[in-house]
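See below for the structure under consideration.
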Amino acid sequence: MISDAMEFMTAVTVMFVLSIPVAFVTNWALLCWVLLPVVRAAVRLAGRRINAAA
């Protein structure tokens, strides 16, 4: 099971990796950070599916 801290850091890392190219192309990089709760929920769901399959 993924701990809450690891889940949060994974979501932040994903958002950082996505926001850099978005910042180079548009002015909407802030939107990536606004979507952080959505990405965190997706990471949580993915972790549950991985644990259920194991």
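The values are calculated or read from the model by the stated rules, or taken from the named source; none is laboratory data. The structure presented is a predicted model; accordingly, all values stated were derived computationally and were not measured. Here the Cβ is made from the backbone with ideal geometry for all residues, glycine too, and neighbour counts use every protein chain on show. Remember, those area values only see protein heavy atoms, side chains included, never the ligands or the DNA or RNA. Shrake-Rupley method; radii C 1.70, N 1.55, O 1.52, S 1.80 Å.
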>> When you check residue 17 against the structure, is it in a helix (DSSP H, G or I), exposed (fewer than 12 other Cβ atoms within 10 Å of the Cβ) and either modelled with pLDDT of 85 or more or touching a Gly at 6+ places or on another chain (Cβ under 9 Å) (or both), yes or no?
In response: yes
> Within the range 2-14, how many residues are free of Cβ contacts under 8 Å to residues at least 24 places away in the same chain and either over 16 Å from residue 45 (Cα atoms) or assigned to a helix (DSSP H, G or I) (or both)?
Replying inline: 5
> Which of the residues spanning the range 20-37 are open to solvent by 80 Å² or more (accessible area, probe 1.4 Å) and either more than 21 Å from residue 8 (Cα to Cα) or among the acidic types (Asp, Glu) (or both)?
Replying inline: 24, 25, 27, 28
> Which of (1) modelled with pLDDT of 85 or more; (2) over 8 Å from the mean Cα position of the chain (by Cα) is the odd one out, the single condition residue 36 does not satisfy?
Replying inline: (2)
